[in-house]
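Report on the structure given below.
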Amino acid sequence: MQRKMYIFCLALAMIASATQAMAQKGKSELALGYGRFSIYQFANRPPYNTSSGTFSLTYRYYLSPTVTLGLGFGQERISNWASFASFIPEVTFKYLDTKDSHVRVRLYGSVGYGFSVLTDLHPTGPGQVDESGAKPWGFQATPIGIRIGRQFAGFAELGLGYKGLLHGGIAWRFPKHWRNKEVETDQK
């Protein structure tokens, strides 16, 4: 199991470095969000108020105006069970974009699958097993997402997975070739 996780982490690092190299050719986006009612809360059963909610950070690279490839990170603590850190590669598909209107609205869906690192918060007792470790449970399916804004935007999503049923936040889209402009400025 550990060998599979190492191979998966290596593949994830290769995807991230390739995405970073491509980011110099197109637009990139960084999103900071918060979600409630994750799949881990439902697995824990009531009371659901023991969860901190999921804090997330997502990087996306625009492969085309319609498709993005990204990597998401989420952190959640369920006080009566465990803490979760999720690392999820994801793909987003846009199905509506009003880029020519005064207020830009983008409707999209996304899907991602990766792994979560579980840290058991309670010491093991007789008959209990420590569940800590990397688990291949990390996923997010978001059929409905809305992003309002251009370079700076707010977003809200309805989905199922590590980010939660309800997820929202802010996003900042880097201008195309933003890194090359910094290099040109330094050379002048």
- With 0.36 nm assigned to each residue of separation and the Cα-Cα distance removed, L107 to R150 gains 14.2 nm
- Relative packing of 40-52, 72-84, which averages over residues the other C-beta atoms within 10 Å, highest first: 72-84, 40-52
- Item | 11 Å beta-carbon shell around D120, net charge (K/R +1, D/E -1) | -2
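Taken together, the values in this text are just the output of simple stated rules run on the coordinates, not laboratory data. Bear in mind that the values here come from a model prediction, so they are computed numbers and not experimental data. Note that we place each Cβ from the backbone using ideal geometry, even for glycine, and neighbour counts take in every protein chain shown.
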